[in-house]
Amino acid sequence: MLTAIIDYESGNLHSAEKAFQRMANELDAGTVVVTDDPEVVARADRLVLPGDGAFPACAKALRHSGCFDAMVEAVTQKGRPFLGICVGMQLMARVGYEYEETPGLGWVDGEVEKILPEDPALKVPHMGWNELVIDQEHPVLQGVQSGDHAYFVHSYQMRMLTPEHRIAHVDYGSTVTAVVGTGTMLGFQFHPEKSAETGLRMIGNFLTWAP
């Protein structure tokens, strides 16, 4: 079993790699590698796409990376389990509106727009711990309950056009999407590698998920 964390020079790869390797070792869930090699991506059993920074820059870097075509084929044609993290989740949307209109992968029916809390006392970026609200059951959220905390750092969020694609949300002056998913694809707006036991549980669930 091989899990590939895709390196397209946009993401906190070191901490993500450590967390995924820890859970893979604990669960005997195979090998975790950070890679920019399209051949490794093509043969991986599951894929992880991290992302830090602005949506347009991440989208451009991903589309110009050598792994892009291999990733798309693995996910959309071979049905390999996929997890997007932070901007990696946002890239799953139809389009992003950060700085400029930028097409996403179109895997999830949503649009990425600025967080606009109704309470002016709430600052943007949305940074720190927040309580998850589970909207629907999902195998990767097994053992996670509404009220469990995850760690967020973001100024833009995915507004869902198809509510069924939202798995969980948080309240930050309005409803902020936290987990999206459809088919073999899943995305976390928060950083599971920074979300203590809750995040590690979800990483472990993803590594053993067999959709």
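Please treat every number below as a calculation from the coordinates, not as lab data. Because the structure is predicted, anything quoted here is derived from the model rather than measured. Positions of Cβ are backbone-derived with ideal geometry, glycine not excepted, and every protein chain shown enters the neighbour counts.
Using Cα centres only, tell me the gap between segment 39-59 and segment 137-177 in whole Å.
Cα centroid of segment 39-59 versus Cα centroid of segment 137-177: 20 Å apart.
Can you pull out the chymotrypsin sites (Phe, Trp or Tyr not before Pro) in segment 87-125 that DSSP calls coil and that have at most 13 other Cβ atoms within 10 Å?
Passing both the DSSP loop test and the Cβ count: Tyr99.
Placing one identical point scatterer on every Cα of the chain and ignoring solvent, what is log10 I(q)/I(0) from the Debye formula at q = 0.11, 0.13, 0.14 Å⁻¹?
One equal scatterer on each Cα of the chain leads to -0.45, -0.64, -0.75.
In whole angstrom, how long is each semi-axis of the equivalent ellipsoid of segment 110-196, when you take the square root of 5 times every eigenvalue of its Cα gyration tensor and sort them from largest down?
Semi-axis lengths for segment 110-196 are 20, 15, 11 Å.
Could you state the principal axis extents of the C-alpha atoms in segment 43-101, from the largest down, to the nearest angstrom?
So the three principal-axis extents are 35, 19, 18 Å.
Given +1 on the Cβ of Lys and Arg, -1 on the Cβ of Asp and Glu, and no further charges, what dipole in debye does the chain carry about its Cα centre, rounded to the nearest 20?
My answer is approximately 160 debye.
Pull up the DSSP beta bridges for segment 1-142 and report the antiparallel fraction as a percent, rounded to 5.
15 percent
Can you work out D for segment 12-111 in µm² s⁻¹ from Stokes-Einstein, where Rh is the Kirkwood radius over C-alpha pairs, the temperature is 20 °C and the viscosity is 1.002 mPa s?
So the translational diffusion coefficient is about 151 µm²/s.
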